[in-house]
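Colleague: Pasting in a structure now, in structure tokens, and then I'll have a few things to ask.
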Amino acid sequence: MIMAPSPRQNQFIVGCWQLDDRCWLSLPVNEIQRSIDTYLAWGVNSFDTADIYGRSEKLLGHCLKGRDDCRIFTKMVFFDEIPSPQHIQYKLENSLRNLQRDYLDNVQVHWHHPELDFAPLWEKLCTYQAQGKIRQLGATNFSVPMLTKALKYAPIQTHQVQYSLIDRRVEAAMQALCLERGITILPYGSLAGGFLSNKFLKFDQQPPQEMDHGRTFHYTTMIAQHGGWPGVQSLLQIMAKIAKGYNLTISQVALQWLHHQPGVGPIITGLTTNRQQIQQNMESLDRPIAAADLQTLSDTSRQLIPQAGDVYSYERG
Ligand SMILES: NC(=O)c1ccc[n+]([C@@H]2O[C@H](COP(=O)([O-])OP(=O)(O)OC[C@H]3O[C@@H](n4cnc5c(N)ncnc54)[C@H](OP(=O)(O)O)[C@@H]3O)[C@@H](O)[C@H]2O)c1
């Protein structure tokens, strides 16, 4: 019997930065395998990683060995140098070896110094695509000028950017560009590392630092740039009220709001080993929130969370 594909297959991608034990609690391999199997059982078969996420690519390759039905999005990272053809080939072969694949489903070129000319990189990646070694090309954290330039050289199909009710810089101009050029927006940080959840409703003051959790390292800085914790706390209160009316959680409201934004494709949701959280996330789109409440969320976040600039504006330096 042929099973119909689960709708969740196109709704979510499991983010696997969490397998990098330099930024996150070091998870044992059997626990990682169990979590990945849980996501697969929910019908999600896409995963996101990067060549700079420590052991993540290797672990994913191990856990998904033989699962040709799964898609793995990875990233090629060159920060401050124009890579030589040899360096690009080395990176490609390394990712293929780590992921135990004959081809890469999607290679996302990571942000780099905006003045570097990456045309030779894109041309090389197009050659690999023509040879079948790469199926799809993507970018991550590019500015509008960087993406516009890159599109002259390569058929970029996805752009991975931070997007949530606390970070809406993509709406300044990037979203319109992606819509115009048919590029799917893959949002990450949809829960701001978990800050957009009922767990943080109780914190009137800045939550304590957690040294083995990426949210401290990554999303605390973002919140500080976007007006600080009080605005986030007020937003959480409004989200909680709306969530209650639908018997949803704050995280489910956050994911559903994001799902309704123009140009947004599958949401990248960072791996958690907590089965209840996995279930909440997977069921987040099942009970629709009324358009008026989604609009209230947009308006409230706009009022409470000041932010300016393009995608990744201050992080890029
Ligand atoms: N392109 C880039 O530069 C870039 C940057 C960052 C991330 N990413 C990618 O995007 C993925 C997702 O981003 P992210 O993990 O940083 O952010 P996220 O998805 O907003 O946060 C994930 C964290 O939130 C917590 N969480 C998950 N579900 C929850 C729920 N229902 N309630 C409460 N907490 C919940 C989990 O922590 P606990 O299990 O501890 O509760 C989980 O580790 C990453 O894994 C990575 O693949 C890309």
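The values are calculated or read from the model by the stated rules, or taken from the named source; none is laboratory data. Since the structure is predicted, the reported quantities are computational estimates derived from the model, not experimental observations. When we count neighbours, we look across all protein chains shown, and the Cβ atoms used for this are built from the backbone with ideal geometry, even at glycine. Quick note on the areas: whole protein, heavy atoms, side chains included, nothing else; ligands and nucleic acids left out. Shrake-Rupley method; radii C 1.70, N 1.55, O 1.52, S 1.80 Å.
Colleague: About its Cα centre, how strong a charge dipole does the range 7-69 have in debye, to the nearest 20, once Lys and Arg get +1 and Asp and Glu get -1 at the Cβ?
Modeller: The dipole of the range 7-69 has a size of about 100 debye.
Colleague: At 222 nm, what value in deg cm²/dmol follows for the chain if DSSP H runs of at least 4 each add -39500 (n - 2.57) and the sum is divided by all its residues, to the nearest 500?
Modeller: Mean residue ellipticity, 222 nm, calculated: -11000 deg cm²/dmol.
Colleague: So if I average 1/r over every pair of distinct C-alpha atoms in the range 231-285 and take the inverse, what Kirkwood radius in Å does that give?
Modeller: Hydrodynamic radius (Kirkwood, Cα only) of the range 231-285 equals 12.0 Å.
Colleague: Let me ask another. When you count, for each residue, the other Cβ atoms within 10 Å and take the mean per peptide, how do 29-40, 82-93, 157-168 rank with the highest first?
Modeller: 157-168, 29-40, 82-93
Colleague: Taking each pair of different alpha-carbon atoms in the range 1-157 once, compute 1/r for the pair, average those values, and report the inverse of that mean as the Kirkwood hydrodynamic radius in Å to one decimal.
Modeller: The Cα-based Kirkwood calculation yields 16.5 Å.
Colleague: Give the accessible surface of the range 153-214 per residue, rounded to a whole number of Å², with probe radius 1.4 Å and ligands, DNA and RNA excluded.
Modeller: 41
Colleague: In the range 210-302, which chymotrypsin sites (Phe, Trp or Tyr not before Pro) are in a loop and have at most 16 other Cβ atoms within 10 Å, using DSSP for the loop call?
Modeller: TYR246
Colleague: How large is the charge dipole for the range 121-234, taken about the Cα centre, if only the Cβ atoms of Lys, Arg (+1) and Asp, Glu (-1) carry charge, to the nearest 20 debye?
Modeller: The calculated dipole for the range 121-234 is roughly 380 debye.
Colleague: When only alpha-carbon atoms count, how far does the chain stretch along each of its three principal axes, as whole angstroms with the largest first?
Modeller: Ordered largest first, the chain gives principal extents of 54, 48, 39 Å.
Colleague: Could you check how much of the accessible area of the range 155-194 is carbon and sulfur, as a whole percent, using a 1.4 Å probe?
Modeller: C and S atoms contribute 52 percent here.
Colleague: Excluding ligands and nucleic acids, what accessible area in Å² is computed for THR127 using a 1.4 Å probe, to the nearest 10?
Modeller: Roughly 70 Å² of THR127 is accessible to a 1.4 Å probe.
Colleague: Of the candidates LYS199, LYS133, LYS75, which one comes out as most mobile in a Gaussian network treatment of the chain with C-alpha springs shorter than 10 Å?
Modeller: Judging by the Gaussian network model, the answer is LYS199.
Colleague: Quick one: Cα convex hull volume of the range 274-314, Å³ per residue?
Modeller: Residue-normalised Cα hull volume stands at 136 Å³.
Colleague: May I pose another question? Using a 1.4 Å probe over the heavy atoms of the protein chains, calculate the carbon and sulfur portion of the accessible area of the range 79-119 as a whole percent.
Modeller: Carbon and sulfur: 47 percent of the exposed surface of the range 79-119.
Colleague: A follow-up question, please. Could you work out what % of the accessible surface of the range 255-317 is carbon and sulfur, using a 1.4 angstrom probe and leaving DNA, RNA and ligands out of the count?
Modeller: 47
Colleague: Net charge within 15 Å of ILE305 by Cβ-Cβ distance, Lys/Arg positive one each and Asp/Glu negative one each, not counting ILE305 itself?
Modeller: With Lys, Arg at +1 and Asp, Glu at -1, the net is 0.
Colleague: Would you mind checking the pairs LYS199/LYS244; LYS58/LYS124; LYS75/LYS199; LYS124/LYS149 and listing those with alpha carbons more than 20 angstrom apart?
Modeller: Check vs 20 Å cut-off fails for LYS58/LYS124; LYS75/LYS199.
Colleague: How big is the range 182-253 on each of its three principal axes, counting only the C-alpha atoms and giving the largest first in Å?
Modeller: Extents along the principal axes, in whole Å: 41, 34, 23.
Colleague: Next question, about the same structure. Hey, got the dipole for the range 8-156? About the Cα centre, +1 on K and R Cβ, -1 on D and E Cβ, debye to the nearest 20?
Modeller: Taking the Cα centre of the range 8-156 as origin, the dipole is about 300 debye.
Colleague: Indicate the gyration tensor shape class of the range 168-317 (rounded, prolate or oblate), computed on the Cα atoms with a ≥ b ≥ c the square roots of the eigenvalues: a/c under 1.5 is rounded; otherwise a/b larger than b/c is prolate and the rest oblate.
Modeller: It is rounded, given that a/c, with a ≥ b ≥ c, falls under 1.5.
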